[in-house]
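K.L.:
What follows is a single structure, and I will ask about it in a moment.
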Amino acid sequence: MSITFIKSQNTFYLDGKNVTYAIWINDMGYPCHMYFGDKITHDGLKHTRTGGRASRTATPPGIDKVKYSYQYYLPEYSFFGTGDFREPAVVVENSTGDRMCDLLYDSYEILSEKPAINGMPSMRGGETLVLHLKDKISNIGADLYYTVYDDCSVIARRAIIKNGGENTCKLFRAYSFSMGLPGNDYNITTLHGGWACERNMETIPMHHGVVSIDSKRCSSSDTLNPFMAITAPTTSEHLGEAYGVNLIYSSSFVLKAEGVVSGDTVITGGINDFNFTWKLQTGESFETPEVVIAYSNEGIGGMSRAFHDAYRNHLINPRFVNKSRPIVINNWEATELAFTEEKLRAIVDSVEGTGIDTFVLDDGWFRVRDDEFCSLGDWKVNENKLKGGLKPLVDYVHSKGMRFGLWFEPEMVSEDSDIFRARPDYAIGVPGRPRCYTRHQFVFDITRKDVRDYIVNTINGVIRSNNIDYVKWDCNRHITDIYSVGRETDRQTEFAHRYALGLYDLCERIINANPDIFFEGCSSGGARFDAGMLYYFPQIWTSDNTDAEARTKIQYGTSMAYPLSSMSCHVSAVPNQQARRVTPMKTRADIAHLGATGYELDTTVFTKEELEEVTRQVEDYRSTESLILNGDLYRIDNPFESNFFTEMVVSKDKSQALVCIYRRHTNANPDIKRIRLCGLDKSKSYYVVERDVVASGAMLMNAGIAINFKNEDFTTVVYHIREFN
Ligand code: GLA
């Protein structure tokens, strides 16, 4: 049993792999956060909190006893109106117009298997505690779900808000969780960025007041990822306590850490309440997205490994998560929109025998799409480019023993398209106002079922009638002009969340309805790289920036929460199209091989030697692919802080490892670089293949190994390490 209720203590203990989470129902009946951290015994935790400073604090309704005031405990689900002045998780407007809410514990259930969330992605399985809370006057209820797993050190949380009252109420905020952390001396690390520079890391000290990150784009976005790490000031990559918070959500979100007057920290977040309301009629419920909170006392690296295990074991489609991945050749950087069928066939011919096994036809194959101004939404083949349809090309690719992949942008519509001309109301926009453009395109109003039906029917039609094996699902703009024709005026601010629900419904009806097809996510590069998308897409295009140097940072930041196998990474041509930088082919491949690798360049111009190099790279990738799919990641050198980027992946049984060391710049008189390996078994002997060295894990992890770099910029050294018997 991983969930225990000790009645004499009024305390719930939830034990995960290396963690315990504890909730105390206090004398007033409020669920109080008592602990989340390394595994502890079930001895009661009341001794861990005393009064604190009185600070003009309010007491719960009707109780004139200061010792019961809210600041004496940390909330499990904070609410507004009755004297808790910390960030509320929920704000409800009652039919009377007041916003009072007093959520008291009512009862609990322990479920052996977690129920899925209605219409939203979530972690699979796991023993689950449900706390039922209720405001006795309004009859608004909140069910708090807590799930723990015996194979990873995370807790998954979410809430369901229920209107048990007699009148309609309105949610102005419905976050997924609140949780306390003892003290407020923490650093907050977040992942910010933009196109071609996704998931840069930024660390700031916690302060009194609220540190907040969000998206208002109806996408999780590349500007700020729905992830936050909270670490002690002494925590490093390898040592110390680290908490990580990551939402399984793909639309506008918010995450907050608040330094509160008691000297503690309260974290909370979920759906962004900016421009959000939700009307809840009598008897209706509102489900929040799930949040995953990881803990490790093995530093930030341990926190990332907890997320990686959680997502590989419980989130990513089990059908694909551990399977050898397609190695693609994608035509985008080779041809962009200007391709001929002859050119595509030549690309396919050129990689024959290299081990590349999937050809992906990117943007430009439909209607009259020869530039970015037209045709999105008209998913009919561009006969000017592909005479006789897609089928002859698909058959050709299949005849070479390769799989065929196709690009779509399901949510998008061009102004210059047949579907927009016929149904302008299908696009998001406010009647009477001109719409904003991004990349010359509009967005389908996927909050509407009839619009989703159109998308599902046309896309499933193309996929099924052409024998497609792989789909790249792109999304190249964020949402403006928020309005849905036909929805009631007082429900227009439900849009951002309804967009998420519409998107997940599309994923269910296109992805889950085609279970043998491999779907890769994409959004102008990695602008929607989140755990919600990972539930549907085993891998996501990490960035349009394929420059190896830029990729070291992008991939390092992405790995904070997301496993290597989820990052789609391609070797591209030099000078790099985005960064104009020239890096060696070996470096480009070594960095791309720290993810789901592939190629995106014009292989028809390759020499015999270059194609042989590709063949060797693919062979090498396949020989260590199980590490990328299942291994434990150890980040050794941080490219944001040093001249190096070093990542090591170790198999779960510690019998095999791969280490890649990248040096950005050489010097006339370079330092001697020595790295200490991580994650090996101290007592095992290992063979470092490229160095012909046999040494114990203890030796390699403590004394380390010196690296011989070539005297050039942007160079890599890769070591394969095997247990030696
Ligand atoms: C986006 C993607 C690219 C490519 C283009 C096609 O930018 O990130 O990989 O598919 O769209 O238009």
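The values are calculated or read from the model by the stated rules, or taken from the named source; none is laboratory data. Given the structure is predicted, the values throughout are model-derived calculations rather than measurements. Neighbour counts run over all protein chains shown; Cβ positions are idealised from the backbone, glycine included. Keep in mind that these areas ignore ligands, DNA and RNA; they rest on the heavy atoms of the full protein, side chains included. Shrake-Rupley method; radii C 1.70, N 1.55, O 1.52, S 1.80 Å.
K.L.:
Only one residue in ASN275, ASN322, ASN317 is in a loop (DSSP other than H, G, I, E, B), within 27 Å of GLU87 (Cα to Cα) and at pLDDT 95 or above, so which one is that?
P.N.:
Among ASN275, ASN322, ASN317, only ASN275 is in a loop (DSSP other than H, G, I, E, B), within 27 Å of GLU87 (Cα to Cα) and at pLDDT 95 or above.
K.L.:
Another question, if that's okay. Conditions: (1) in contact with a Lys or Arg (Cβ under 6 Å, 6 or more places away or on another chain); (2) closer than 22 Å to SER250 by Cβ. TYR146 meets all but one. Number of the miss?
P.N.:
The number of the failed condition is (2).
K.L.:
Return the residue satisfying two criteria in turn: it lies in the range 694-704 and is open to solvent by less than 50 Å² (accessible area, probe 1.4 Å) and outside any helix (DSSP H, G or I), and of such residues it is farthest from ASP620 (Cα to Cα).
P.N.:
ALA703
K.L.:
Taking GLY401 and the conditions (1) in contact with a Pro (Cβ under 9 Å, 6 or more places away or on another chain); (2) without any contact (Cβ under 8 Å) to a residue 60 or more places away in the chain, which numbered condition does it fall short on, given that it satisfies the others?
P.N.:
Condition (1) is where GLY401 drops out.
K.L.:
Related question: Of the residues SER642, SER685, which single one is small (Gly, Ala, Ser), touching a strand residue (DSSP E or B) at 6+ places or on another chain (Cβ under 9 Å) and either open to solvent by less than 50 Å² (accessible area, probe 1.4 Å) or touching a residue at least 12 places away in the same chain (Cβ under 8 Å) (or both)?
P.N.:
The conditions single out SER685.
K.L.:
Oh, and also: I'd like to verify a number: residues in the range 534-554 that are more than 16 Å from the ligand (Cβ to nearest atom) and not hydroxyl-bearing (Ser, Thr, Tyr), how many?
P.N.:
Within the range 534-554, residues that are more than 16 Å from the ligand (Cβ to nearest atom) and not hydroxyl-bearing (Ser, Thr, Tyr) number 5.
K.L.:
Also: Scan the range 415-437 and give yes if some residue there is under 25 Å from CYS218 (Cβ atoms), in the same structural domain as PHE518 (by TED's automatic domain parsing), within 16 Å of the ligand (Cβ to nearest atom) and aliphatic (A, V, I, L, M), otherwise no.
P.N.:
Among the residues of the range 415-437, not one is under 25 Å from CYS218 (Cβ atoms), in the same structural domain as PHE518 (by TED's automatic domain parsing), within 16 Å of the ligand (Cβ to nearest atom) and aliphatic (A, V, I, L, M), which makes the answer no.
K.L.:
Another question, if that's okay. Looking at ALA513, ALA500, ALA531, ALA496, can you tell me which residue is touching a Leu at 6+ places or on another chain (Cβ under 9 Å) and either more than 16 Å from the ligand (Cβ to nearest atom) or of a type in the set (A, V, I, L, M) (or both)?
P.N.:
Unique residue meeting the criteria: ALA531.
K.L.:
Is one or more of the residues making up the range 310-326 closer than 30 Å to ASN184 by Cβ and either in contact with a Ser or Thr (Cβ under 9 Å, 6 or more places away or on another chain) or open to solvent by less than 10 Å² (accessible area, probe 1.4 Å) (or both)?
P.N.:
Yes, the range 310-326 has at least one match.
K.L.:
Taking the criterion of being surrounded by fewer than 15 Cβ atoms within 10 Å (Cβ to Cβ), within 16 Å of the ligand (Cβ to nearest atom) and either at pLDDT 95 or above or closer than 29 Å to ARG124 by Cβ (or both), would at least one residue in the range 333-354 satisfy it?
P.N.:
Checked the range 333-354: at least one residue is surrounded by fewer than 15 Cβ atoms within 10 Å (Cβ to Cβ), within 16 Å of the ligand (Cβ to nearest atom) and either at pLDDT 95 or above or closer than 29 Å to ARG124 by Cβ (or both).
K.L.:
What is the one condition in (1) closer than 19 Å to LEU633 by Cβ; (2) open to solvent by 40 Å² or more (accessible area, probe 1.4 Å) that VAL659 does not satisfy?
P.N.:
Looking at each condition in turn, VAL659 falls short on (2).
K.L.:
Can I ask one more? Suppose we filter the range 510-551 for residues that are of a type in the set (Phe, Trp, Tyr) and within 30 Å of HIS665 (Cβ to Cβ); how many remain?
P.N.:
2
K.L.:
When the range 340-352 is examined, which residues are found to be in contact with a Leu (Cβ under 8 Å, 6 or more places away or on another chain) and in a loop (DSSP other than H, G, I, E, B)?
P.N.:
Residue satisfying the conditions is VAL351 alone.
K.L.:
Next up: Which condition from (1) under 25 Å from ASP516 (Cα atoms); (2) among the hydrophobic types (A, V, I, L, M, F, W, C); (3) within 12 Å of the ligand (Cβ to nearest atom) is the one that LEU376 breaks?
P.N.:
Of everything listed in (1) under 25 Å from ASP516 (Cα atoms); (2) among the hydrophobic types (A, V, I, L, M, F, W, C); (3) within 12 Å of the ligand (Cβ to nearest atom), LEU376 misses just condition (1).
K.L.:
OK, next. Only one of these is open to solvent by less than 20 Å² (accessible area, probe 1.4 Å) and part of a loop (DSSP other than H, G, I, E, B): ILE23, ILE40, ILE117. Name it.
P.N.:
Among ILE23, ILE40, ILE117, only ILE117 is open to solvent by less than 20 Å² (accessible area, probe 1.4 Å) and part of a loop (DSSP other than H, G, I, E, B).
K.L.:
A further question on this structure: Looking at the range 357-373, which of the residues that are open to solvent by 10 Å² or more (accessible area, probe 1.4 Å) and within 30 Å of the chain's Cα centre (by Cα) is nearest to the ligand (Cβ to nearest atom)?
P.N.:
Of everything passing the filter in the range 357-373, GLU372 is nearest to the ligand (Cβ to nearest atom).
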